[in-house]
Amino acid sequence: MAIAERLAIDGGTPVRATPLLPGWPGGLLIGAEEKAAVLEVIESQSLFRHYGPRSLHRAVALERAFAEAMGAKHALAVTSGTGALITSLAAAGIGPGDEVAVPTYTWIATVSAVVILGAVPLFVDIDESLNMDPAALEATLTPHTRAVIPVHMRGAGADLQPMLEVARKRGLAVIEDAAQAVGGSYRGRRLGTFGQFGAYSLQYHKTITTGEGGIVVTDDARLYERAVRFHDQGSVRMEELDETSAGSSPLIIGINFRMAELTAAVGLAQLKKMDWIIGEMRRHQRRIAAEIRTISGITLRKLRDPDGETAATLIFFAPTPEQAERFARALIAENIPASVPWWSGQHVYNHFDQIIERRVLSTQKCSWECPRYQGSATLRKGQFPRTDSILKRAVHLDIHPLYTDRDVDDIIAGIRKVARVVL
């Protein structure tokens, strides 16, 4: 092997002298707009969404702007993506003993939201899109299943149409987890707007960010009222419901997931940048994908709607797990950050022992031991070999909107260099 072609991991010269920007699309675009928005709220002395001496109602403004951006009738700002999932599930009537279908590959919040309500996670295999396999969904459902959470992983939409058909046939609620795909679409319509609810995250690693925060959307006025009440202690403050039948139903037991005005102010500034962020990530990612599509041995991730992904990531498969691991570690040495999803802690049934071992703080292990639940829902490591194989062979790269053309050139050069040696 020529010295110039020796991989950096083997002592050669890296393609880049310094690492690429980390995968924080909105985070690294925080600037003057967000600063001005926050200062305006601080100067109002009104940090609470419901009242203050000079309230600016930024949470309400964010809800209206986000609903319009997504093409939804109603949006509700909450404290996190996890809070958005819990609120959506609770408003949909999910509770102790109910099974909720979730994919084997997701962030733990998808599963925790189910368990915290006393419901039971029912795991469904993924396919080469890294999202839930619609065929596996129908085969996994039981008489106890009440809802399904399609997760749009790593910026790309799940194959929703067949899942929606299964849900309609079985009478299941659909709560889309669009935390990692804010602003993405499926068949020309924004992700998160197909089910009874869509749940979004504004955490720092997401398309746009408030540091921490979440949004719930729905087109159903009755479900919206239930979500509003649940997220605000029941609730006694109903300003959000001025376009619905506010006050027509009794108070319920709820929780506090209200978004603060400072968070909402940042969200409004970031929302204006969302489409530009996605456009730039798509431009970079598609150029890289086009260049490496011809490399023998590399198979790009299957996309159900290539035009709709946010392009926050580029994911491809190596022929074997060993080659995928070597490929990712070699790219890291070339100063091109990469990973294998198997490493990431998002392979729930294999990495999250707290779910497998049912570690809850109460003595009775609801969800699974609730008297109402008659299923088994046993979980053990290694019971989803197809998911194992997919995630062990996948190589993941983050894409940032602020990449330069030179950055993209380096990524392409690095992938080609590593492929010549590893594949």
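The values are calculated or read from the model by the stated rules, or taken from the named source; none is laboratory data. The shown structure was predicted, so the numbers you read here are calculated from the model rather than taken from an experiment. Each accessible area value is taken on the protein alone, full model and side chains, heavy atoms only, with ligands, DNA and RNA left out. Shrake-Rupley method; radii C 1.70, N 1.55, O 1.52, S 1.80 Å.
Data table
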{"item": "Within straight-line cross-link reach of K381, lysines at Cα separation under 18 Å, skipping those fewer than 8 residues along the same chain", "result": "K392"}
{"item": "Amide H contacts of V120 (H built 1.01 Å from N, under 5 Å, at least 5 apart or other chain)", "result": "G97, D98, E99, V100"}
{"item": "Equivalent ellipsoid semi-axes, region 19-128, via Cα gyration tensor eigenvalues times 5, rooted, Å", "result": "33, 21, 13"}
{"item": "Segment L47-Q383, length gained on full extension (0.36 nm per residue, minus Cα span)", "result": "116.1 nm"}
{"item": "Length added when fully stretched, L300-L39, from 0.36 nm per residue minus Cα-Cα", "result": "89.5 nm"}
{"item": "Overall form of the chain per C-alpha gyration tensor (a/c, 1.5; a/b vs b/c)", "result": "oblate"}
{"item": "Whole-angstrom gap from region 155-205 to region 96-139, using each part's C-alpha centre", "result": "13"}
{"item": "Percent accessible area from carbon and sulfur atoms, the chain, protein chains only, probe 1.4 Å", "result": "53"}
{"item": "Rounded accessible area per residue of region 31-110, 1.4 Å, Å²", "result": "38"}
{"item": "Kirkwood Rh in Å, taken over all unlike Cα pairs in region 256-327", "result": "15.0"}
{"item": "Cα-based convex hull volume of region 85-158 per residue, rounded to whole Å³", "result": "76"}
{"item": "Ranked order, S367, S389 - accessible area, probe 1.4 Å, largest first", "result": "S389, S367"}
